[in-house]
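Peer 1: What follows is a structure written as structure tokens; I'll ask about it next.
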């Protein structure tokens, strides 16, 4: 579709597109100018809507849902563009304004850390079990075990180690 759209834009600029075709394209709100900016803004708005409808959970590029997968790929593209210093200051500011997650693994680690604190508080210091029937508790128990393994393998950052030690994490 992209090549066809470029052809229509080019033909209109060269005054080679009939008035009838221009009217038909206008009737479907064809984007004549700045299609890349238009597409970026559409994805940005779709992300805002997605976050709102999913309690702040981010879409995944490995999702089964095509819309979610496309949006997940778009968010990954924004992260990669920023990392390569190819994302404009304006776009970075727009994404920052909605608390865009630039580092999903750090974001996920912090969410699990906060969930562990809450779990320990609500359960009088009892740890979640990866053997639990409760899916959230099972995931949190597995996460806690992953932290233990990371420490054992010397793959747990100093910052994370300090955070876990500060809550009296049971190693």
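To keep it simple, each residue is scored yes or no on (1) touching a residue at least 60 places away in the same chain (Cβ under 8 Å); (2) over 30 Å from residue 159 (Cα atoms); (3) touching a helix residue (DSSP H, G or I) at 6+ places or on another chain (Cβ under 8 Å).
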position	(1), (2), (3)
15	no, yes, no
89	no, no, no
99	no, no, no
102	no, no, yes
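Peer 1: Check off (1) outside the structural domain of residue 42 (by TED's automatic domain parsing); (2) touching a helix residue (DSSP H, G or I) at 6+ places or on another chain (Cβ under 7 Å); (3) at pLDDT 95 or above for residue 129 and give me the number that stays unchecked.
Peer 2: Of everything listed in (1) outside the structural domain of residue 42 (by TED's automatic domain parsing); (2) touching a helix residue (DSSP H, G or I) at 6+ places or on another chain (Cβ under 7 Å); (3) at pLDDT 95 or above, residue 129 misses just condition (3).
Peer 1: Let me ask something else about it. In region 101-117, which residues are surrounded by 11 or more Cβ atoms within 10 Å (Cβ to Cβ) and in a helix (DSSP H, G or I)?
Peer 2: Passing the criteria: 104, 106, 107, 108, 109, 110, 111, 112, 113, 115, 116, 117.
Peer 1: Of the conditions (1) in a helix (DSSP H, G or I); (2) assigned by TED's automatic domain parsing to the domain that holds residue 44; (3) more than 17 Å from residue 47 (Cβ to Cβ), residue 139 fails just one. Which one is it?
Peer 2: Looking at each condition in turn, residue 139 falls short on (2).
Peer 1: Okay, next question. Which pairs do you get when a residue that is assigned by TED's automatic domain parsing to the domain that holds residue 139, found in region 115-126, comes within reach of a residue that is assigned to a helix (DSSP H, G or I), reach meaning Cβ atoms under 7 angstrom, with the pair 6+ apart or on two chains?
Peer 2: Within 7 Å, the pairs are 115/140; 116/140; 116/144; 119/140.
The values are calculated or read from the model by the stated rules, or taken from the named source; none is laboratory data. Computed from a predicted structure; not experimentally measured. Cβ atoms come from the backbone with ideal geometry, glycine included; neighbour counts cover every protein chain shown.
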